[in-house]
Amino acid sequence: MSKTITIAYVLSPPEGTDTPALSPTKEMTFDVEQKSNTDRTYAAYYDCLRASIEAARTALGDDLTEWRDAIGAAEGSKEIKRILADEEDEEEDGDQ
């Protein structure tokens, strides 16, 4: 039975994304610890495994949310610029 859960990721953020506090590469390890040495049943192991998976899921979700927020702000400003540029192109086409 496994004693740890390891999650690793490598992100490729868009060029020019300002994320000084975030690392695009990360590895996280979570121990699958049984609460009691006397309870060595499969049920106890899977209870501990379930708790470790939940901790891993939460940690990964928190990290990816930080990335989404950092990149989303930059991508949102690009969308606004693109929309404004498209509107200007439509106005120029309408004048001809």
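The values are calculated or read from the model by the stated rules, or taken from the named source; none is laboratory data. These numbers come from a predicted model, not from an experiment. Don't worry about glycine lacking a Cβ; one is built from the backbone with ideal geometry, like all the others, and counts go over all protein chains shown.
If I filter region 15-33 down to residues being of a type in the set (Asp, Glu) and more than 15 Å from the chain's Cα centre (by Cα), which single residue comes out as modelled with the lowest pLDDT? Steps first, answer last, please.
Looking only at region 15-33, we keep the residues that are of a type in the set (Asp, Glu), and these are 15, 18, 27, 31, 33.
If we keep only those that are more than 15 Å from the chain's Cα centre (by Cα) as well, we get 15, 18, 31, 33.
Numbers: 15: 80, 18: 76, 31: 93, 33: 81.
Residue satisfying both the conditions and the ranking: 18.
Does residue 12 satisfy the condition of being small (Gly, Ala, Ser), at pLDDT below 90 and either surrounded by 11 or more Cβ atoms within 10 Å (Cβ to Cβ) or outside any helix (DSSP H, G or I) (or both)?
Values: small (Gly, Ala, Ser): yes; at pLDDT below 90: yes; either surrounded by 11 or more Cβ atoms within 10 Å (Cβ to Cβ) or outside any helix (DSSP H, G or I) (or both): yes.
Yes.
Go through region 15-51 residue by residue and tally those that are under 26 Å from residue 69 (Cβ atoms) and either part of a helix (DSSP H, G or I) or hydroxyl-bearing (Ser, Thr, Tyr) (or both). Give the derivation first.
Taking region 15-51 as the starting set, the residues that turn out to be under 26 Å from residue 69 (Cβ atoms) are 15-30.
In the following step, the residues that additionally are either part of a helix (DSSP H, G or I) or hydroxyl-bearing (Ser, Thr, Tyr) (or both) were identified as 17, 19, 23, 25, 29.
Within region 15-51, residues that are under 26 Å from residue 69 (Cβ atoms) and either part of a helix (DSSP H, G or I) or hydroxyl-bearing (Ser, Thr, Tyr) (or both) number 5.
If you go through region 34-55 one residue at a time, do you hit one that is without any contact (Cβ under 8 Å) to a residue 12 or more places away in the chain, touching a helix residue (DSSP H, G or I) at 6+ places or on another chain (Cβ under 8 Å) and not basic (Lys, Arg)?
Within region 34-55, one or more residues are without any contact (Cβ under 8 Å) to a residue 12 or more places away in the chain, touching a helix residue (DSSP H, G or I) at 6+ places or on another chain (Cβ under 8 Å) and not basic (Lys, Arg).
Just to be sure, is residue 75 at pLDDT 85 or above and closer than 26 Å to residue 9 by Cα? Lay out the reasoning, then the answer.
Numbers: at pLDDT 85 or above: no; closer than 26 Å to residue 9 by Cα: yes.
No; evaluated as a whole, the condition is false for this residue.
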